[in-house]
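Structure, as structure tokens:
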Amino acid sequence: MLINYDEYRMMYEAEEKLWWYRILHEKVLKEIQNRFHENKQIKILDAGCGTGGLMSFLIKHGYENIQGFDYSEDAVSFCKERNLDVQQTDITNFEDKFATNSFDVIVNDDVVYQFDNSTITNIFHTFQSILKVDGIIITNNNAFNVFYGTHDIAVGGNQRFKLSDFEKFLKNLPLKIIYHTYWSVLLSPLILGVRLVQQIQLKLNLIDLKSIKSDVTVPADFVNNFFYQVVKLEEKLFKKGFFGSSLFLVLRKKL
């Protein structure tokens, strides 16, 4: 469950710059605005907030009624550097930390890949208990096993997902998937090529597992901006992406 300090430092330094984080944060903001329009008083929880980049982004857009939690002491420490309302809490055991029906939005980005299926179902059961009726859960997760690579090892990823997996997790819960998309379709050939090479290297024991790092480092400005513009183009071309290394979902709590 724990990522090392160096990984959190990389995340902290990359969240406001890296194309991937910028796209993800904008996706989250768009879905909040789609549901609540100009209402900036809604109550938001970032469950598994990492170093707080998304929280800071939402605050800059006027959503100040926001709090978060993370299991990692290092992550919480970085959040405190951003002056965020964050506590250290275990996402597998947080039932008593928040009041029932207390949040309009719960965000859970790239966290549950660390757990087995029964634990994931329990996590979403707790989410729905602290979510207001007609509230939404926004969750991004790594997708498709074919994209498995050194990044998964570095961040403690135990599995990758398809839409059908979340349909099973939510089967007996009062949560409905109202939107989903895979992304980034257009960058998939490049990402897939890199990950396939990594898979071969891993099988041949050509990679030192102790020195593996994630993919959160920021490339040169030209490359970073190019990737960002490619995904923005993709969003114009496809209402719902059909393939990609990430799966983005919006869930709504039913009456």
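The values are calculated or read from the model by the stated rules, or taken from the named source; none is laboratory data. Predicted model only: the values in this text are computed from it and were never measured. In this analysis, Cβ positions are derived from the backbone assuming ideal geometry, glycine residues included, and neighbour counts consider all displayed protein chains.
Residues to consider are LYS203, LYS254, LYS176; find the one that is under 25 Å from ILE123 (Cβ atoms) and at pLDDT 95 or above. Working first, answer last.
Numbers: LYS203 fails: under 25 Å from ILE123 (Cβ atoms); LYS254 fails: at pLDDT 95 or above.
When all the criteria are applied, what remains is LYS176.
Return a yes/no flag: does region 69-84 have any residue that is over 15 Å from the mean Cα position of the chain (by Cα), crowded, with 17+ Cβ neighbours inside 10 Å and farther than 30 Å from LEU209 by Cα.
Yes, region 69-84 contains a residue that is over 15 Å from the mean Cα position of the chain (by Cα), crowded, with 17+ Cβ neighbours inside 10 Å and farther than 30 Å from LEU209 by Cα.
Give region 1-19 a look and list any residue that's out of contact with any helix residue (DSSP H, G or I) (no Cβ under 7 Å at 6 or more places or on another chain), within 26 Å of THR119 (Cβ to Cβ) and part of a helix (DSSP H, G or I), or say none.
Within region 1-19, MET11 is the sole residue that qualifies.
Can you find a residue that is in a loop (DSSP other than H, G, I, E, B), touching a residue at least 24 places away in the same chain (Cβ under 8 Å), in contact with a helix residue (DSSP H, G or I) (Cβ under 8 Å, 6 or more places away or on another chain) and over 20 Å from TYR113 (Cβ atoms) anywhere in region 57-66? First the steps, then the outcome.
Going through region 57-66, the residues in a loop (DSSP other than H, G, I, E, B) turn out to be 61-65.
From the residues that got through so far, the ones that are touching a residue at least 24 places away in the same chain (Cβ under 8 Å) too are 61, 63-65.
Within this subset, residues satisfying the condition of being in contact with a helix residue (DSSP H, G or I) (Cβ under 8 Å, 6 or more places away or on another chain) are 61, 63.
From what is left, the residues that are over 20 Å from TYR113 (Cβ atoms) are 61, 63.
There is at least one residue in region 57-66 that is in a loop (DSSP other than H, G, I, E, B), touching a residue at least 24 places away in the same chain (Cβ under 8 Å), in contact with a helix residue (DSSP H, G or I) (Cβ under 8 Å, 6 or more places away or on another chain) and over 20 Å from TYR113 (Cβ atoms).
Any idea which of (1) part of a loop (DSSP other than H, G, I, E, B); (2) touching a residue at least 40 places away in the same chain (Cβ under 8 Å) is the one LEU247 doesn't satisfy?
The single condition LEU247 does not satisfy is (1).
Restricted to region 147-190, and to residues that are surrounded by 15 or more Cβ atoms within 10 Å (Cβ to Cβ), of a type in the set (S, T, N, Q) and without any contact (Cβ under 8 Å) to a residue 60 or more places away in the chain, which residue is nearest to PHE243 (Cα to Cα)?
Top of the filtered list is SER188.
Every residue in region 202-233 that is touching a residue at least 40 places away in the same chain (Cβ under 8 Å), part of a helix (DSSP H, G or I) and more than 22 Å from LYS27 (Cβ to Cβ), please.
Hits for region 202-233 are LEU202, LEU209.
Those residues that are within 18 Å of ARG22 (Cβ to Cβ) and either touching a strand residue (DSSP E or B) at 6+ places or on another chain (Cβ under 7 Å) or acidic (Asp, Glu) (or both), I need them from region 200-249; list them, please. Walk me through how you get there before you give the answer.
Let us first name the residues in region 200-249 that are within 18 Å of ARG22 (Cβ to Cβ), namely 214-236, 241, 244-246, 248.
Within region 200-249, ASP215, ASP221, VAL231, GLU234, GLU235, GLY241, GLY244, SER245, SER246, PHE248 qualify.
Out of LEU84, LEU45, I need the residue that is at pLDDT 95 or above, aliphatic (A, V, I, L, M), under 23 Å from VAL112 (Cβ atoms) and not in a loop (DSSP other than H, G, I, E, B). Which one?
Numbers: LEU84 fails: not in a loop (DSSP other than H, G, I, E, B).
Exactly one residue qualifies, and that residue is LEU45.
For LEU206, all conditions in the list (1) surrounded by 12 or more Cβ atoms within 10 Å (Cβ to Cβ); (2) touching a helix residue (DSSP H, G or I) at 6+ places or on another chain (Cβ under 9 Å) hold save one; what is the number of the exception?
With (1) surrounded by 12 or more Cβ atoms within 10 Å (Cβ to Cβ); (2) touching a helix residue (DSSP H, G or I) at 6+ places or on another chain (Cβ under 9 Å) applied to LEU206, the lone miss is (1).
I'm trying to understand the selection: among the residues of region 91-122, which are of a type in the set (Ser, Thr, Tyr), surrounded by 17 or more Cβ atoms within 10 Å (Cβ to Cβ) and out of contact with any Gly (no Cβ under 9 Å at 6 or more places or on another chain)? Steps first, please.
Going through region 91-122, the residues of a type in the set (Ser, Thr, Tyr) turn out to be 92, 100, 102, 113, 118-119, 121.
Restricting the remaining residues to those that are surrounded by 17 or more Cβ atoms within 10 Å (Cβ to Cβ) gives 113, 121.
THR121, the sole residue that qualifies.
Quick one: TRP19 ticks every box in (1) closer than 25 Å to LEU233 by Cα; (2) out of contact with any Phe, Trp or Tyr (no Cβ under 6 Å at 6 or more places or on another chain) except a single one, so which number is it?
Going through (1) closer than 25 Å to LEU233 by Cα; (2) out of contact with any Phe, Trp or Tyr (no Cβ under 6 Å at 6 or more places or on another chain) one by one, TRP19 breaks only (2).
Mind checking which residues of region 1-45 are closer than 18 Å to PHE248 by Cβ, of a type in the set (Asp, Glu) and surrounded by fewer than 17 Cβ atoms within 10 Å (Cβ to Cβ)?
GLU26
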